[in-house]
1. Look at the stretch 26-35 and say how many of its residues are open to solvent by less than 90 Å² (accessible area, probe 1.4 Å) and either of a type in the set (A, V, I, L, M, F, W, C) or more than 18 Å from the chain's Cα centre (by Cα) (or both).
2. Answer yes or no as to whether Asn19 is open to solvent by 40 Å² or more (accessible area, probe 1.4 Å), under 20 Å from Thr138 (Cβ atoms), of a type outside the set (A, V, I, L, M, F, W, C) and touching an Asp or Glu at 6+ places or on another chain (Cβ under 8 Å).
3. Hey, can you tell me all the residues within the stretch 172-182 that are open to solvent by 10 Å² or more (accessible area, probe 1.4 Å) and assigned to a helix (DSSP H, G or I)?
4. Suppose we filter Leu96, Leu68, Leu53 for residues that are under 26 Å from Phe154 (Cβ atoms), hydrophobic (A, V, I, L, M, F, W, C) and more than 20 Å from the chain's Cα centre (by Cα); which single one remains?
5. Evaluate the stretch 72-89: report whether one residue or more is open to solvent by 10 Å² or more (accessible area, probe 1.4 Å), in contact with a helix residue (DSSP H, G or I) (Cβ under 9 Å, 6 or more places away or on another chain) and closer than 20 Å to Phe160 by Cβ.
6. With the requirement that a residue be open to solvent by less than 50 Å² (accessible area, probe 1.4 Å) and assigned to a helix (DSSP H, G or I), what does the stretch 235-251 give you?
7. Among the residues of the stretch 217-251, count how many are more than 26 Å from Ile184 (Cα to Cα) and among the aliphatic types (A, V, I, L, M).
Amino acid sequence: MYHKEVFQFSGKHHPYVINVFIPEQPVPDNGFPVLYILDGNAYGTLFSEMIKLQSRRSEKTGIEPTMLVSVGYEGDEPFQSNRIYDFTPFAEDAELPARPDGSLWPEHGGAEIFLDFLEKDLIPFINEKYNTNKQKQTIFGHSLGGLFVLYTLFQRSQLFSHYFACSPSIWWNKQIILSYETSINHKHVKGLFIAAEPIEDKQMYANGLAMYENLSERNKELQTAFFAPEGENHMSIVPVAFSRGMRFLHK
């Protein structure tokens with residue numbers, strides 16, 4: 001069983017609602033591993049239920065009891081415009097495609113501010129309040145959240161031990177994320193899992209696969225994997241990839 005505790009943070013640009021799901025069982029000697037979930041409004045409850053069920057028989061599922069930290073926003077909408085600000089790198093000039101509904105893009109380019117919030121406010125709060133395993137801390141993001149996972153890996157790789165980028169929006173602003181790629185701190189980073197759907201316009205798949213091949217080639221000490229499940233689309237890939245990715249990162 002798990003129980004949930006809820007916290008509110010003001011943030012520098014907008015407020016956050018943090019849901020923490022804690023296993024109701026004895027704490028391991030090294031503390032509970034932690035999974036930070038971006039787009040918590042959409043995925044926090046979903047992932048907590050999946051982890052809760054699978055961690056009951058860790059020896060069979062490969063999923064150990066894990067503390068989940070769901071990073072979300074005020075309100076009930078699963079995806080809010082604040083995510084676009086938080087998850088995208090800053091650029092003086094942004095060249096973006098037209099949105100499907102014809103609306104203008106919301107404010108963007110706040111990834112560095114959001115990263116500061118994680119590093120200086122949220123992560124220290126979680127590690128001080130709970131008995132956590134500092135060597136097993138994972139960040140998950142989907143779509144623009146996956147873009148931010150890669151941004152974090154390149155900019156402050158020491159923050160997490162495992163990185164899970166699902167359908168990362170590498171296309172954002174003419175693939176500006178590639179300009180941020182730097183050497184990864186292998187002392188801290190243990191694993192990278194990238195997933196992408198092999199359908200629709202193939203852009204997510206091609207970009208994700210290229211990123212995986214490049215990073216695995218340049219970082220041979222790093223445990224890496226790429227997963228592209230047939231028949232899944234940009235949304236259905238999330239629950240399919242989640243269990244596979246967590247098993248890979250937990251092994």
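1. Counting residues in the stretch 26-35 that are open to solvent by less than 90 Å² (accessible area, probe 1.4 Å) and either of a type in the set (A, V, I, L, M, F, W, C) or more than 18 Å from the chain's Cα centre (by Cα) (or both) gives 6.
2. In short, no.
3. Correct list: Asn173, Lys174, Gln175, Ile176, Leu178, Ser179, Tyr180.
4. Result of the check over Leu96, Leu68, Leu53: Leu96.
5. Yes, the stretch 72-89 contains at least one residue that is open to solvent by 10 Å² or more (accessible area, probe 1.4 Å), in contact with a helix residue (DSSP H, G or I) (Cβ under 9 Å, 6 or more places away or on another chain) and closer than 20 Å to Phe160 by Cβ.
6. Ile237, Val238, Ala241, Phe242, Ser243, Gly245, Met246, Phe248, Leu249, His250
7. 3
Okay, residues lined up against (1) open to solvent by 50 Å² or more (accessible area, probe 1.4 Å); (2) free of Cβ contacts under 8 Å to residues at least 24 places away in the same chain; (3) of a type in the set (Phe, Trp, Tyr); (4) not in a helix (DSSP H, G or I):
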| site | (1), (2), (3), (4) |
| --- | --- |
| Tyr163 | no, no, yes, yes |
| Ile170 | no, no, no, yes |
| His188 | yes, no, no, yes |
| Ile194 | no, no, no, yes |
| Met204 | no, no, no, no |
| Met211 | no, no, no, no |
| Glu217 | yes, yes, no, no |
| Lys220 | yes, yes, no, yes |
| Asn233 | yes, no, no, yes |
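The values are calculated or read from the model by the stated rules, or taken from the named source; none is laboratory data. In this text the structure is predicted, and so the values were computed from the model without any measurement. Backbone-built Cβ (ideal geometry, glycine too); neighbour counts: all protein chains shown. Side chains are part of the model used for accessible areas, which takes the heavy atoms of the whole protein and leaves out ligands, DNA and RNA. Shrake-Rupley method; radii C 1.70, N 1.55, O 1.52, S 1.80 Å.
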